[in-house]
Amino acid sequence: MLRDITLGQYYQTESVIHRLDPRVKLGGTLLYIISLFFFRNFLGYGVAAVFLATVIGLSHVPFRFIVKGMKAIVFLLLITVTFNLFLTPGTELVSVWKLTITVEGLRTAATMAIRLTMLIIGSSLMTLTTTPNNLTDGMESMMKPLKAFRVPVHEVAMIMSIALRFIPILLEETDKIMKAQIARGADFETGNIVRRAKALVPLLVPLFISAFRRANDLAMAMEARCYRGGEGRTKMKPLIYQRRDRLGYLCIFAYLAIGITVGRLRL
Amino acid sequence: MSIILDHVSYIYGEDGPLAVKALDDVSLQIPDGQFVGIIGHTGSGKSTLVQHMNGLLKATSGHIYFNGEDIYDRDFPMKKLRSRVGLVFQYPEHQLFEIDVFSDVCFGPKNLGMDKKEAELKAFDALRKVGMPMELYYQSPFELSGGQKRRAAIAGVLAMAPEVLILDEPTAGLDPKGREEILQQIKELQAQTGMTILLVSHSMEDVAEYVDRIVVMNKGKVMYDGAPKEVFAHYKELEEVGLAAPQVTYILHALKDRGFDVDVNATTTAEAVDTVLHALGRAPEAFRP
Amino acid sequence: MGIIRTKDLVYEYVRRDEEGNVEGFTTAVDKVDLDVQPGEFIAILGHNGSGKSTLAKHINAILSPTEGSVWVDGMDTSQEEHIWDIRQRAGMVFQNPDNQIIGQVVEEDVGFGPENMGVPTKEIWERVEESLKAVGMYEYRRHSPNKLSGGQKQRVSIAGVLAMHPKCIVLDEPTAMLDPKGRREVIRAVRALNQVEGITVVLITHYMEETIHADRVFVMDSGRIAMEGTPRQVFSQVERLQELRLDVPQVTLLAHELRKKGIGLPEGILTVEELADALAGSR
């Protein structure tokens, strides 16, 4: 039941996007997201759409698969659109009962819908083409300058990668605990909120105890293998920029230049 | 009164690309009062099989009848089935959560809607049946030894007064003495109550001495089903699928190969001693004190 | 002097009640003297709570002795400055296969130890390759550990230790959570390390049949070494072993029972073939 949740899923295939250095993808995604907030006209979104479509095409991830992941946020999208549609003051377009749709409202709602959809497709494309490991490596490397401000960059990256490794294990365990308690007559599915919250105790207690136990075991295993923080550590898979990565950066900057120029035109 | 599985199949992740046939056309009949061992290595489908018997998993195809009623009928009381077919999972750590052992054992009966007094009576009865020492009743379940945790977990299910008790790997992680004690306790429980017990295990040696019948699972199918002696006769085939017959079986076959007239069907050490003595021309009885 | 040596090793821990008051002391390891020679295969047997795991954790300097001393390759484990050298030289494999794999890909996990030691990138790859080959897991190097069987996970853990180029490996009940097939895989890999790579092995277990290939067997009970000797010497004392809550292999038990009935068999029979041959000879 819980295994249906897919968080930052990775889509295994061979493509030039998959092979890109994670720093290019992280930086690119960030710039792309920022660009979406700079556009003043729909032409800008057109450029962004072309860019996104090209990247999707290059990534060999089926479009169907990307859209499937969107289902979870349809609800959020609808709320945003509805609020913007009805609550923006301005020139009245149609009015039914107490609800009024304005020209401005329509425009904002459309912009929001497009922006949000493209934002989510763009960022999920990044997680779909980058292994979690690669992603943490990329983040660690990009955040290195923060070390000067005493941000524990290496530790944060290590915590992230351990969390990613243990999420599937803990999900499976949750499933097992749920079954064990259902076999003892526990009911997780009916009753009001208070009852349901109370019903979670028999699930959460064993889960927490197990998670702490695992954390303890893991810490011991890491120390036994000479782990003592980031100092003096070497990397098995160091990040080194290749030609395609430089090309990648070039493409992103080209997109930014074109997109923002076109997107900020007053039409 | 019995459980009948009629051509039951179960596919994990049915619509996904990684669909796995965990159960493949399994038909079984478990009559009342039988003590059955279900054997198979990890991934053979043995745990999936028993989770069908109390409705935790629903078969992709096929039917399951409990006391003659189809459990997939729309008006079949599924929640009641879970109390009548008790299932104890492999790790007691997955179910113990209360502040003391006694309250934990009360959890099941309370869920069935029993009042406090009735639930407590059931809990006492269950704890007594699994041989839990009285002084541990009000201890935290997390501070018990491995064997005692196992007892608490079994009592937690037993307190719901099931007609059938299924134990999934009740000896995993215990040391030899702990294993023997738990199995002995289960055997006693069966003798006392006459309830149907299904023991899921990957160890032939563990179950051989205790059960009436062994069902060997392999790749989601029933590979062998019969009395321990009948099943162990296939020791070579069992070996091929990564399961071993008790060591005694190998010894007796090795002796047979060397021309001894031994009964290769003996499965326990005591039986083996008798048949070897017999083959050596000494009447075993004469040596008994 | 041996590669692992303990002298009068005592480990005590404080028991506390719910309010945190001291209830008393438990002596988990009580005056243990051990001397392991390089290249030896040592097995430590004992029931749960006999102190065998506590002893093992001293060899890797995870625990520090309350009294007495532990030396690994000549270094005293209670001296802070040796701790990382000791951990590199005496690798450790734990019981739970899930709780000791750090990497999300097999090869990255095996590379974790060398990374921590500061081994250059190119050499890490060489070490990972040779270690995975030594335990027969090379073709799984790109797999996620979550998709492996218990026996395979434990072999990956062994490779992870091997990549640190240790002189000895301590395995703390590596098979306790595995099925018979997984147990066989792991024990086979451990024996290969000892015989092919010449690494000193300390195997802690409660399965007697896993120890029959050891050079020496120690049996622990309430923190002390209760029995010691070659597998044959130890296994010939069936009654004593049963007293110590251990499970004697059926073949040894059968031979013992037959001896009691007056059949002329040698002491401490360990394998099926041995028993069959001995019986054939006694006819």
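Things to note:
- Candidate aspartates and glutamates - alpha carbon under 17 Å from A:Lys144, same-chain residues fewer than 8 apart omitted: A:Asp21, A:Glu155, A:Glu231
- Cα-based radius of gyration of chain A once divided by 2.2 N^0.38 Å, which approximates compact folds: 1.27
- Ranked C:Trp84, C:Trp71, criterion: other C-beta atoms within 10 Å, fewest first: C:Trp84, C:Trp71
- Spin-label pair C:Arg232/A:Val50, simplified geometry with 7 Å Cα→Cβ offset, distance in nm: 8.5
- Cut-off 16 Å, label 7 Å out along Cα→Cβ of B:Asp25, residues of region B:54-79 by amide N: B:60-63
- Interatomic Cα distance distribution for region A:39-138, bins of 10 angstrom, percent: 14, 35, 30, 15, 6, 1
- Using only alpha-carbon positions in region C:75-227, the gyration tensor eigenvalues give semi-axes of 24, 20, 14 Å once each is multiplied by 5 and square-rooted (largest first).
- Charge dipole (the protein assembly as shown, unit charges on Cβ, about Cα centre) - positive-most of B:Val8, C:Met208, A:Val81: A:Val81
- What the Cβ-Cβ distance of A:Thr82 and A:Phe42 gives, at R0 = 25 Å and to the nearest 0.05, is a FRET efficiency of 0.75.
- Take each residue of peptide C:94-104, count the partner chain Cβ atoms within 10 Å of its Cβ, and average: the result is 6.
- Separation of alpha-carbon centers, region A:51-90 and region B:139-186, rounded to whole Å: 52
- Crossing angle, helix B:101-111 versus chain B [Cα axis fit, 0-90 degrees, rounded to tens]: 70
- Counting neighbouring Cβ atoms within 10 Å and putting the fewest first, the residues A:Arg184, B:Arg258 line up as B:Arg258, A:Arg184.
- Counting only lysines at least 8 places from C:Lys7 when in the same chain, those with an alpha carbon closer than 17 Å to its own are C:Lys31, C:Lys52, C:Lys57.
- Simple spin-label estimate for A:Asn216 and C:Lys260 in nanometres, 7 Å along Cα-Cβ: 4.0
- Rounded to the nearest 5, the antiparallel percentage of DSSP beta bridges internal to the protein assembly as shown is 55%.
- The mean number of partner chain beta-carbon atoms within 10 angstrom of a residue's beta-carbon across peptide C:243-251 is 4.
- For region C:167-283, the Kirkwood estimate of hydrodynamic radius, built from reciprocal distances between every pair of different alpha carbons, is 15.4 Å.
- Residue of B:Ile71, B:Ile154, B:Ile214 that the Gaussian network model of chain B assigns the largest fluctuation, springs spanning Cα pairs under 10 Å: B:Ile71
- Note on region A:169-223 and region B:219-240: Cα centroid distance 36 Å, given to the nearest whole angstrom.
- Compared with the rule-of-thumb size 2.2 N^0.38 Å for a compact globular protein, region A:132-236 has a Cα radius of gyration ratio of 1.46.
- Summing charges over neighbours of A:Leu146, with a neighbour being any other residue whose Cβ is under 15 Å away from its Cβ, gives +2 when K and R count +1 and D and E count -1.
- Gaussian network model of chain A, Cα within-10 Å springs - most flexible of A:Val24, A:Val194, A:Val103: A:Val194
- For chain C, built as a Gaussian network whose Cα springs stay under 10 Å, the top-fluctuating residue of C:Arg259, C:Arg89, C:Arg127: C:Arg259
- Peptide A:47-56 is shielded by partner chain Cβ atoms: per residue, an average of 0 of them sit within 10 Å of its Cβ.
- Taking other residues whose beta carbon is less than 10 angstrom from the beta carbon of C:Thr271, and scoring Lys, Arg as +1 and Asp, Glu as -1, yields -4.
- Across the cross-link table entries B:Lys79/C:Lys147; C:Lys122/C:Lys167; A:Lys68/B:Lys219; B:Lys149/C:Lys167; A:Lys176/B:Lys80, which are compared at the Cα atoms, the separations over 31 Å belong to B:Lys79/C:Lys147; A:Lys68/B:Lys219; B:Lys149/C:Lys167.
- P(r) tail fraction, the protein assembly as shown - alpha-carbon pairs more than 51 Å apart, %: 27
- C-alpha center-to-center spacing [region C:121-197, region C:1-64] in angstrom: 25
- Hits among aspartates and glutamates - C-alpha to C-alpha of B:Lys117 under 16 Å, sequence gap 8 or more where chains match: B:Asp104, B:Asp125
- Burial ordering of A:Ile252, A:Ile66, fewest other beta-carbon atoms within 10 Å first: A:Ile66, A:Ile252
- Rotationally averaged projected area of region B:36-100 (alpha carbon convex hull; nm²): 6.3
- Principal semi-axes in Å for chain B [√(5λ), Cα gyration tensor, largest first]: 35, 26, 16
- Peptides C:214-220, B:123-129, A:161-167 ranked from most to least packed by the mean count of surrounding Cβ atoms within 10 Å: C:214-220, B:123-129, A:161-167.
Bear in mind these aren't lab numbers, they're just calculated from the coordinates by the rules spelled out. Keep in mind that what you see is a predicted model, and the values were worked out from it rather than measured. Neighbour counts run over all protein chains shown; Cβ positions are idealised from the backbone, glycine included.
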